[in-house]
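Heads up, the thing below is written out as structure tokens.
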Ligand code: ADP
Ligand code: ASP
Ligand code: MG
């Protein structure tokens, strides 16, 4: 008998039929004698619908009230799933975040879980019942409802598994595992049997939304065995592992991630003197805008062009800030664009293989794709390119690095 925490995402609970199918699945685990704690998302589309309602009233809703609003989606699905289980003769009890005691900090819309009480859940488990917990939400020390950021139900699942010391945290979604890249963009993408935490962390942070990055961080920190599986199809899914495979088996590149949520701002012709970077980026960070890539080109007339990328949602704000300070900076011009994207290749095998970057640049050049910015770290290389080339770039790289399903064995 094992204790599993299972998380079901929006598509998996997207209709009454799907909820009934999840209940059937849970029943079979329960019948086999396993203990189950289940975290669920809102029905697919519901969180977006709620956000749109708020935007119908104001462009910048109060974050506290946003969390009161968007947390309602998950309250619907926990109750429906509990009813579906009860209909099958299984004792089931639903809990919202505050009822189960998911304590977070007070950063509305991106709160972090600090503590989880387990007594209430243990009581239901000990009585032979299934515990159903609303994903994505918690409560701060002043009893405000908080939410964990988009995709946050993954983190609820992993945090519950850590708190309960579950045997495994199983993330059930609409794909049957973690793929070499988003299978919706590259049909030849291949499911990975396993992927290291390190790689998964990079993939998630670089845009693969199959797991929220914080869920991966949490799993790494608390050593939670984590698996991604399909709620619709049987299979082993993908195990996120602590260990690297033997170095011989390590592919150089494990996966390709991409992010459309990007924009780029260039400040041209600023004097190339100490402190210029901080004078450009200081006001941006004071406005709570996160800067991702930074590129500085030096010209020979003593001026420099400074380019950086931000989330697309922060683009207008950042551009306005820079336009306001451009006189003070003695800048020749401030310009920007939000039709760019970031494509990243990830692999622990990069540590022991040279030439990955040059091969990547050659593949993109052969497709006539211009690179606008580059960053690298030990196990990843990211490039910024025009968004219209995203699919082309990802598919070409996927093929060139031998990731396509037909060409990969084992
Ligand atoms: P859920 O609602 O279950 O949380 P999400 O939509 O958040 O599901 O995440 C699953 C989706 O992630 C898939 O449908 C797929 O399009 C996307 N995805 C992006 N990158 C990958 C990847 N490398 N492997 C698998 N799925 C990926
Ligand atoms: N319902 C929330 C969202 O759409 C949380 C989640 O599904 O993980 O972001
Ligand atoms: Mg998700």
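In the stretch 134-157, what residues are in contact (Cβ under 8 Å) with a residue 40 or more places away in the chain, more than 10 Å from ligand 3 (Cβ to nearest atom) and surrounded by fewer than 24 Cβ atoms within 10 Å (Cβ to Cβ)?
Residues satisfying the conditions are 139, 143, 144, 145, 149.
What strands (runs of 3 or more DSSP E) lie completely within the stretch 295-410 and have 1 or more residues being in contact with a helix residue (DSSP H, G or I) (Cβ under 6 Å, 6 or more places away or on another chain)?
On the way: elements: 303-311, 333-346, 373-377, 380-386.
Filter on the stretch 295-410 gives 303-311, 333-346, 380-386.
Criterion first (more than 16 Å from ligand 3 (Cβ to nearest atom) and farther than 22 Å from residue 2 by Cβ) does residue 16 satisfy it?
Details: more than 16 Å from ligand 3 (Cβ to nearest atom): yes; farther than 22 Å from residue 2 by Cβ: yes.
So residue 16 passes the test.
Does residue 82 fit the bill of being closer than 23 Å to residue 161 by Cα and either in a loop (DSSP other than H, G, I, E, B) or touching a residue at least 60 places away in the same chain (Cβ under 8 Å) (or both)?
Numbers: closer than 23 Å to residue 161 by Cα: yes; either in a loop (DSSP other than H, G, I, E, B) or touching a residue at least 60 places away in the same chain (Cβ under 8 Å) (or both): no.
So residue 82 fails the test.
So if I check each of 50, 69, which one is within 16 Å of ligand 1 (Cβ to nearest atom) and modelled with pLDDT of 95 or more?
On the way: 69 fails: within 16 Å of ligand 1 (Cβ to nearest atom).
Testing whether each residue is within 16 Å of ligand 1 (Cβ to nearest atom) and modelled with pLDDT of 95 or more leaves just 50.
Test of understanding: among 268, 209, which residue is more than 16 Å from ligand 2 (Cβ to nearest atom) and at pLDDT 90 or above?
From the options 268, 209, the qualifying one is 268.
Among the candidates 285, 335, 358, 352, single out the residue that is surrounded by fewer than 20 Cβ atoms within 10 Å (Cβ to Cβ), modelled with pLDDT of 90 or more and out of contact with any strand residue (DSSP E or B) (no Cβ under 9 Å at 6 or more places or on another chain).
That would be 358, the only listed residue that is surrounded by fewer than 20 Cβ atoms within 10 Å (Cβ to Cβ), modelled with pLDDT of 90 or more and out of contact with any strand residue (DSSP E or B) (no Cβ under 9 Å at 6 or more places or on another chain).
Listed residues 120, 89; which is assigned to a loop (DSSP other than H, G, I, E, B), away from ligand 1 (no atom under 16 Å from the Cβ) and free of Cβ contacts under 8 Å to residues at least 40 places away in the same chain? Please lay out each step first, then the result.
Details: 120 fails: assigned to a loop (DSSP other than H, G, I, E, B).
Criteria check complete, one pass: 89.
In the list 131, 76, which residue meets the criterion of being more than 23 Å from the chain's Cα centre (by Cα), within 16 Å of ligand 1 (Cβ to nearest atom) and assigned by TED's automatic domain parsing to the domain that holds residue 166?
76
In the list 33, 45, 9, which residue meets the criterion of being within 16 Å of ligand 3 (Cβ to nearest atom), surrounded by fewer than 19 Cβ atoms within 10 Å (Cβ to Cβ) and assigned by TED's automatic domain parsing to the domain that holds residue 111?
Answer to the check: 45.
Somewhere in the stretch 99-106, is a residue assigned by TED's automatic domain parsing to the domain that holds residue 25, modelled with pLDDT of 95 or more, under 26 Å from residue 22 (Cα atoms) and surrounded by 18 or more Cβ atoms within 10 Å (Cβ to Cβ)?
Narrowing the stretch 99-106 to residues assigned by TED's automatic domain parsing to the domain that holds residue 25: 99-106.
So of that shortlist, the ones also modelled with pLDDT of 95 or more come out as 99-106.
After this cut, where a residue has to be under 26 Å from residue 22 (Cα atoms) as well, the list is 99-102.
Cutting the leftovers down to surrounded by 18 or more Cβ atoms within 10 Å (Cβ to Cβ) gives us 100, 102.
Checked against the condition, which is being assigned by TED's automatic domain parsing to the domain that holds residue 25, modelled with pLDDT of 95 or more, under 26 Å from residue 22 (Cα atoms) and surrounded by 18 or more Cβ atoms within 10 Å (Cβ to Cβ), the stretch 99-106 yields at least one hit.
Limited to the stretch 167-202, what total is found for residues that are within 18 Å of residue 399 (Cα to Cα) and more than 15 Å from the chain's Cα centre (by Cα)?
So the answer is 11.
What are the pairs, 6+ residues apart or on separate chains, where a residue within the stretch 315-330 that is within 14 Å of residue 279 (Cα to Cα) has its Cβ under 7 Å from a residue that is assigned to a helix (DSSP H, G or I)?
From the stretch 315-330, the pairs are 318/284; 321/283; 321/284; 325/283; 329/279; 329/280.
Would you confirm whether any residue within the stretch 196-208 is free of Cβ contacts under 8 Å to residues at least 60 places away in the same chain, under 22 Å from residue 46 (Cα atoms) and surrounded by 21 or more Cβ atoms within 10 Å (Cβ to Cβ)? Show your work before the answer.
At the first step, the residues of the stretch 196-208 found to be free of Cβ contacts under 8 Å to residues at least 60 places away in the same chain are 197, 200-201, 204-205, 208.
If we keep only those that are under 22 Å from residue 46 (Cα atoms) too, we end up with 208.
So of that shortlist, the ones also surrounded by 21 or more Cβ atoms within 10 Å (Cβ to Cβ) come out as 208.
Within the stretch 196-208 (the criterion being free of Cβ contacts under 8 Å to residues at least 60 places away in the same chain, under 22 Å from residue 46 (Cα atoms) and surrounded by 21 or more Cβ atoms within 10 Å (Cβ to Cβ)), the answer is yes, since at least one residue qualifies.
The values are calculated or read from the model by the stated rules, or taken from the named source; none is laboratory data. Here the structure is a predicted model, which means the values were calculated and not measured. No Cβ is skipped: glycine too gets one built from the backbone with ideal geometry, and neighbour counts run over all protein chains shown.
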